[in-house]
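Read the structure below first, then the notes.
Nothing in this text is a laboratory measurement; each read-out follows from the coordinates by a stated rule. Just so it is clear, the model here is predicted, and its values are computed rather than measured. As a convention, Cβ positions derive from the backbone with ideal geometry for all residues, glycine included, and neighbour counts pool all protein chains shown.
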Amino acid sequence: MTSLFHNSYNCHVSSSPHQARYVSVCRGPQKITKYIMQKKDNKNSMFEMCPVRNVIARFGNKWGFLVLLDINEHGTIRFNELHRVIPDISTRVLSSTLRTLEADDLIVRKVYPEIPPRVEYSLSPMGKELVPIVQELTEWASKNLPTIMKHRQQFEE
């Protein structure tokens, strides 16, 4: 039996010799075990079964955090306003990022039946719950960036 542990996130993914894969997620006294039959050659099976990797990969990309924080700062914002706030992002990438955040119920997209159409974005309740965590991570990164950069430079020498 092979195993992959993410102990700090309480995620354990395991594969039996019979190719039955299961994921156990422990949270406090609760334990949820879900059995999933997968072919051995399915490369995405570990990713799909691990809740930490699956969820964070959707909003933890290069632009997701920034878009969430900017929508939080403005409350409700239109696409072009958001694009002006984040000038380095292309409209295509911003659109894709917004669709991903909406699909995961982190933001709400409201379309007004006007000509031209008016679309506004705001945080969903789950997005509002996520913001303090993202802000804390951002503060940690800002605080530790000089040390991290110094170690990266020493590592590359």
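What list of ³J(HN,Hα) values in whole Hz, one per residue of region 97-114 in order, does the Karplus curve 6.51 cos²θ - 1.76 cosθ + 1.60 (θ = phi - 60°) give from phi, with Gly and Pro shown as x?
Using θ = phi - 60°, the values come out as 5, 5, 4, 5, 5, 5, 4, 8, 6, 9, 10, 10, 10, 10, 9, 9, x, 10 Hz.
Show the residues, 5+ positions off or on another chain, whose built amide H is closer than 5 Å to the amide H of V108.
S122, L123, S124
Describe numerically, in nm with one decimal, the distance between label points set 7 Å from Cα along Cα→Cβ at E129 and at S95.
Rounded to a tenth, the inter-label distance reads 3.1 nm.
Listed highest first by mean packing, meaning other Cβ atoms within 10 Å per residue, what order do 112-118, 101-107, 148-154 come in?
Descending mean neighbour count gives 101-107, 148-154, 112-118.
Within region 60-156, how many lysine pairs that are 8 or more places apart, or on different chains, have C-alpha atoms less than 22 Å apart?
4
I need the phi-derived Karplus couplings for region 64-73: 6.51 cos²θ - 1.76 cosθ + 1.60, θ = phi - 60°, integer Hz, Gly and Pro marked x.
Those phi angles translate into x, 4, 5, 4, 4, 5, 5, 5, 4, 5 Hz.
Each residue of region 121-134 in order: what ³J(HN,Hα) in whole Hz does its phi give by Karplus 6.51 cos²θ - 1.76 cosθ + 1.60, θ = phi - 60°, with x for Gly and Pro?
Computed from phi, the couplings for region 121-134 are 10, 8, 7, 7, x, 5, x, 5, 5, 6, 3, x, 5, 5 Hz.
Using a cut-off of under 16 Å, list every residue of region 125-156 whose amide N is near the label point 7 Å from the Cα of D104 along the Cα-to-beta-carbon line.
Once the point is set 7 Å along Cα→Cβ of D104, 125-138 turn out to lie under 16 Å by backbone N, inside region 125-156.
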